[in-house]
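Peer 1: I'd like to ask some things about the structure below.
Derivation of every value follows stated rules applied to the coordinates shown; laboratory data play no part. Predicted model, so just to flag it, every value in this text is computed and none were measured. Positions of Cβ are backbone-derived with ideal geometry, glycine not excepted, and every protein chain shown enters the neighbour counts.
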Amino acid sequence: MSVKKQNILLLGAGGRECTLAWKLSNSPLCGNLFIAPGNAGTNSYGTNLPIAVSDFEGMKRACIEHNIDILLPGPEDPLVAGVYDYFKADQTLKHIIVAGPSKEGAQLEGSKAFSKKFMQRHNIPTAAYREFTADSFDEGVAYIDTCPPPIVLKADGLAAGKGVVIAQSIAEAQEAFHAMLRDRQFGEAGSKVVIEQFLDGIELSVFVLTDGSNYVLLPEAKDYKRIGEGDTGLNTGGMGAISPVPFADATFMQQVIDRIIDPTVNGLKAENITYHGFIFFGLIKVNGEAYVIEYNCRMGDPETEVVIPRLENDLIELLLKMQEGRLNEVTVAHSTQAAGAVMLVSGGYPGDYAKGKVMTGFEKVQGSLLFHAGTANSQFPNPNSKEVVTNGGRVIAITSYGKDIKAALAKSYENAAHIEYEGRYYRTDIGWEF
Ligand code: AMP
Ligand code: GLY
């Protein structure tokens, strides 16, 4: 039986979404692909629509107008805000496949306290913790005095990746605690604060796509979060990524499956939490043991830029199997090739940076995939201009395949040098430890 081509609305505007758009558009099952709002790269694979990822009414209009079959939210914000529930509660939208969790399921990412309690209930290894609110402020202050630094403080809610402080002294921890709970540095996201034990180890990202009962394991990845060479300086959205991760050998991954992935998927099911979509496990390996640092209810960025190129299955077929609850019938194939991505960013990022810098050199790139992130087509003075300009902190990811990580990254670096714009910066040491 032939399957009908699927019309898809993909939400987001980053390198992750450009990669997903590339992958979806390569599927024979892809009908019309729309990306909202998209960037100057996504429009090579589909049609960009000027709809914000928070604009549910706008999405509804677009879904009706374009006869959408699948909604794929890239970032967490619409999921945490309840886009799944919005679609399922609307008679005209409820038939649409939403590849993401319900609002309740998205709390795995949307609330650190929720995810910590969930892990405790299901015996999933994670750092020991306590949680505090304005009502228990004094208790929190007394607790911090008993903690050996480094001390990890996390704003409970979404804080655009900035809600985690690793305090090197008790004084610094007290200051951060005060700033979150009393000064509301992160607004409502900091009305509850989780304080947890510092885990000293090496991080990696593991991904599954689940139908609520079964799941398929996607290739694992490691991202490089710091702005500076040798993992120094400020945190960013991610400066590059590699897949596979050499230290994630078969024994370690089996442990991750047994102790973390299975109990998570089974726990969601046992608690009747609706979850059909990606789960991102932010893990840390400490003396050979895996712990969960965080859950995300979506794919990672820039991990997607290496994970999805290494996924050999048809992504639309996986989403259809997800909808039918039949992911147990799927065998996932990971490429035997390695992938390495280097992110080009704007000068000044992650602090202030300029936008609108003209980008050149695309035609010189050979043997790599270009996944646009913060880019736009300049429209002034010519509204039909195809000129590409920078439009964000993280500008473009350059992904390459290779027989190993070194070979993949060598190719990405060769091509990184060709893309030019004022203020261009990238780390030259992605994958440096392998
Ligand atoms: P999160 O937003 O929870 O992913 O935290 C951001 C980053 O802070 C993580 O990627 C880790 O590098 C670091 N981190 C968070 N929690 C811990 C912890 N308990 N121990 C050590 N590092 C942590
Ligand atoms: N690269 C980490 C994230 O997407 O949250």
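Peer 1: Taking segment 1-87, which trypsin sites (Lys or Arg not before Pro) meet the DSSP loop condition and have no more than 11 other C-beta atoms within 10 Å?
Peer 2: Within segment 1-87, the qualifying trypsin sites (Lys or Arg not before Pro) (loop, at most 11 other Cβ atoms within 10 Å) are Lys4.
Peer 1: If you take every DSSP beta bridge fully contained in the chain, what fraction is antiparallel? Give it as a percent rounded to 5.
Peer 2: Given both bridge residues lie in the chain, the antiparallel proportion sits at roughly 80 percent.
Peer 1: Moving on. Which lysines have a Cα lying under 16 Å from the Cα of Lys403, excluding residues fewer than 8 positions away in the same chain?
Peer 2: Cα-Cα hits under 16 Å: Lys411.
Peer 1: Follow-up. Say we join alpha carbon atoms closer than 10 Å with springs in a Gaussian network model of the chain; which of Phe371, Phe177, Phe281 then has the biggest fluctuation?
Peer 2: Result: Phe177 has the largest fluctuation of those listed.
Peer 1: So, counting K/R as plus one and D/E as minus one, what does the shell of residues with Cβ under 15 Å around Lys117 add up to?
Peer 2: Surrounding charge for Lys117 is -1.
Peer 1: For a quick check: with amide H placed at 1.01 Å from N, whose amide H comes under 5 Å from Gln185's, ignoring anything fewer than 5 positions away on the same chain?
Peer 2: Close amide H contacts, sequence-distant or interchain: Met180.
Peer 1: Then there's this: Who wins for biggest fluctuation among Gly351, Gly140, Gly163 in a Gaussian network model of the chain, springs between alpha carbons below 10 Å?
Peer 2: Fluctuation is largest for Gly351.
Peer 1: At a Cα cut-off below 16 Å, give the aspartates and glutamates reachable from Lys364, other chains included and same-chain residues fewer than 8 away excluded.
Peer 2: Glu387, Glu414, Glu420
Peer 1: Rounding to the nearest 20 debye, state how big the charge dipole of the chain is about its Cα centre with +1 on each Lys and Arg Cβ and -1 on each Asp and Glu Cβ.
Peer 2: Computed about the Cα centre, the dipole is about 820 debye.
Peer 1: Give the long-range amide H neighbours of Ile35: residues separated by 5 or more places, or on another chain, with amide H under 5 Å away, using H modelled in the peptide plane at 1.01 Å from N.
Peer 2: Amide H neighbours of Ile35, under 5 Å, 5+ apart: Leu10, Thr47, Asn48, Leu49.
Peer 1: How much net charge surrounds Ile202 when only the other residues with a Cβ under 10 Å from the Cβ of Ile202 are counted, with Lys and Arg +1 and Asp and Glu -1?
Peer 2: Counting the neighbours of Ile202, the net charge comes to -1.
Peer 1: Moving to a separate point now. Which ³J(HN,Hα) values in Hz, rounded to whole numbers, follow from the phi angles of segment 404-411 under the Karplus curve 6.51 cos²θ - 1.76 cosθ + 1.60, where θ = phi - 60° and Gly and Pro get x?
Peer 2: 8, 4, 4, 5, 4, 5, 4, 5
Peer 1: Suppose every Lys and Arg Cβ carries +1 and every Asp and Glu Cβ carries -1, with no other charges. What dipole size does segment 5-163 come out with about its Cα centre, to the nearest 20 debye?
Peer 2: Taking the Cα centre of segment 5-163 as origin, the dipole is about 520 debye.
Peer 1: Which residues' amide hydrogens lie under 5 Å from the amide hydrogen of Val388, considering only partners 5 or more residues apart or on another chain, with H built in the peptide plane?
Peer 2: Excluding prolines and chain starts, which carry no amide H, the hits are Met359, Ser378.
Peer 1: Could I ask something else about it? Could you tell me which of the pairs Lys225/Lys386; Lys355/Lys386; Lys116/Lys162; Lys154/Lys321 are separated by over 28 angstrom between their Cα atoms in the structure shown?
Peer 2: Lys225/Lys386; Lys154/Lys321
Peer 1: Moving on to the next point. Identify which of Glu294, Glu175, Glu104 has the largest mean-square fluctuation in a Gaussian network model of the chain, with springs joining Cα atoms closer than 10 Å.
Peer 2: In this elastic network of the chain, the residue with the biggest mean-square fluctuation among Glu294, Glu175, Glu104 is Glu175.
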